[in-house]
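*Asks:* My questions all concern the structure below.
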Amino acid sequence: MSEFSMELNEDQIQIQKWLHEFAENVMRPVASEWDEREETPWPVIQEAAKAGIYSFDFIANAFADSSGLLLPIAGEELCWGDAGLALSIMGSTLAVAGIASNGTPEQLMEWAPQCFGTPDDIKLAAFCVSEPDAGSDVSSLRTRAVYNEADDTWTINGTKTWITNGGIANTHVVVASVDPELGSRGQASFVIAEGTKGISMGQKFKKMGIRASHTAEVVLDDCTIPGRNLLGGKDKLDERLARAREGKKSGKQAAMATFEATRPSVGAQAIGIARAAYEYALDYAKERKQFGRPIITNQGVAFKLADMRMRIDASRLLVWRAAWMGRNGKTFEAGEGSMSKLYAGETAVWVTEQAIQIMGGYGYIREHPVERWHRDSKIYTIFEGTSEIQRLVIARAISGIHIS
């Protein structure tokens with residue numbers, strides 16, 4: 001087990017610098033263009049693949065980091081560059097987390113590399129949970145997977161929505177119900193490989209922020225896959241369902257196991273956006289003069305910046321604590337993973353708004369990036385569990401009472 005420390009080791013420092021340079025030199029110069037285009041930034045993803053960032057090796061090393069801090073470091077630095085581009089680079093990682101959380105080691109080694117491909121043949125992956133009538137309420141998924149014992153296949157039907165890389169991904173990891181009466185305990189995860197019939201893209205969404213990241217519906221119409229594509233295997237699923245039917249604890253739930261592993265890293269992404277806005281506003285306040293002196297000499301501006309920095313640092317402390325706990329097998333006794341994502345997400349919205357306020361009219365126009373950062377920040381109070389859901393998780397954890 002790794003001891004918790006706020007001091008990064010030499011390898012982590014070098015990786016942080018490497019990612020920051022990529023964010024500064026490759027992402028920032030084109031961020032506004034891809035935000036306007038609202039298209040998948042294939043050239044940026046390819047540059048990330050050539051650099052070794054968009055790859056299974058990089059993600060595997062990040063997950064393997066005994067401190068748990070490498071993935072949050074990556075998320076913060078890339079989102080400091082641009083959140084939409086960062087999610088295009090990191091979007092496949094959520095599918096990998098789904099495979100790692102629910103699959104066997106053999107399935108991870110088989111499927112995870114296929115989520116990225118190679119620099120010369122880029123592949124994308126998508127993790128599909130949310131549905132039109134089941135966003136925060138993952139226990140109400142209607143997508144159904146039915147087992148066909150005669151030929152050892154699963155047939156999946158349903159519609160998923162708000163899916164990063166949805167429909168354009170080469171590999172989709174889909175959470176579906178195998179026993180609707182059991183709610184979330186009757187769900188399982190499946191890998192749908194490239195070329196499988198019966199899976200298609202529905203509506204592509206035009207979004208307020210993170211516009212360089214592709215978000216769409218995924219439609220499953222009699223999509224039939226081999227039995228081996230059930231993550232974790234049929235035997236383990238049957239055992240888990242039997243325990244659930246007997247009223248016993250059934251272990252990990254397919255969707256929640258993934259979100260528990262990724263929430264601190266999502267919080268780190270929000271910190272990257274907040275840090276970018278804070279730094280920009282700080283530089284502006286030092287240079288901008290009103291009434292013959294820099295505006296930072298006014299307490300109204302200086303105190304905003306002090307609070308911005310304080311909340312960013314507090315967010316990072318929460319994220320790093322949760323990431324370390326998750327990596328080292330510490331139980332989230334008080335919803336620490338949800339705390340980190342909740343506080344960092346709301347901090348990003350608040351900090352970017354303060355940055356606009358400090359800059360006045362200049363903060364509101366697209367000539368400066370703070371308006372884009374504000375638009376990008378809002379999703380961090382919504383996806384992978386809304387702020388309200390995070391508070392519910394924390395309240396249940398600290399009270400031991402089922403609060404609805």
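Read the figures in this text as sums done on the coordinates, not as results from a lab. Note that the structure is predicted; figures quoted are calculated from it, not measured. For neighbour counting, all protein chains shown are included, and Cβ atoms are generated from backbone atoms with ideal geometry for every residue, glycine included.
*Asks:* With springs only between Cα atoms under 10 Å, which of 171, 331, 153 fluctuates most in a Gaussian network model of the chain?
*Replies:* 331
*Asks:* Moving on to the next point. Any chance you could check the Cα centroid distance between the stretch 351-369 and the stretch 26-57 for me, in angstrom?
*Replies:* 25 Å
*Asks:* Considering only 165, 157, 298, give the residue with the highest GNM mean-square fluctuation for the chain, with springs between Cα atoms whenever their separation is below 10 Å.
*Replies:* 298
*Asks:* Quick check: residue separation of residue 118 and residue 239 times 0.36 nm, minus the Cα distance between them. What number comes out in nm?
*Replies:* Result: 39.8 nm gained on full extension.
*Asks:* Dividing the convex hull volume of the alpha carbon atoms of the chain by its residue count, what do you get in Å³ per residue?
*Replies:* Looking at the chain, the number lands at 145 Å³ per residue.
*Asks:* Could you tell me the extents of the stretch 254-399's C-alpha atoms along the three principal axes, largest first, rounded to whole Å?
*Replies:* For the stretch 254-399, the Cα extents along the three principal axes come out at 58, 25, 24 Å.
*Asks:* May I pose another question? Using a Förster distance of 25 angstrom, determine the FRET efficiency expected from the C-beta separation of residue 109 and residue 152, and round it to 0.05.
*Replies:* Using R0 = 25 Å, I get an efficiency of 0.70.
*Asks:* Quick one: what Rg and Dmax do you get for the stretch 1-114 from the alpha carbons, in Å?
*Replies:* 14.8, 45
*Asks:* When only C-alpha pairs under 8 Å and at least 6 residues apart count, what is the relative contact order of the stretch 131-222, in percent?
*Replies:* 31 percent
*Asks:* Students often get this wrong, so check it: of 304/378; 50/286; 50/204; 234/341; 197/378, which have C-alpha atoms separated by over 31 Å?
*Replies:* Pairs exceeding the cut-off: 50/286; 234/341; 197/378.
*Asks:* Still on this structure: Return the distance in nm (one decimal) between the two label points of a simple spin-label model at residue 42 and residue 283, each offset 7 Å from Cα along Cα→Cβ.
*Replies:* 3.2 nm
*Asks:* Cross-link partners among aspartates and glutamates for residue 248, C-alpha distance below 13 Å, same-chain residues fewer than 8 apart left out?
*Replies:* The reachable aspartates and glutamates, counting only those whose Cα sits under 13 Å from residue 248, are 239.
*Asks:* What distance in nm separates the two pseudo spin-label positions at residue 317 and residue 334, each 7 Å out from Cα along the beta-carbon direction?
*Replies:* Output for this residue pair reads 1.2 nm.
*Asks:* Please compute the alpha carbon radius of gyration of the stretch 49-172, then divide it by the globular-protein estimate 2.2 N^0.38 Å. Two decimals is fine.
*Replies:* Relative to the rule-of-thumb radius for its length, the stretch 49-172 sits at 1.16.
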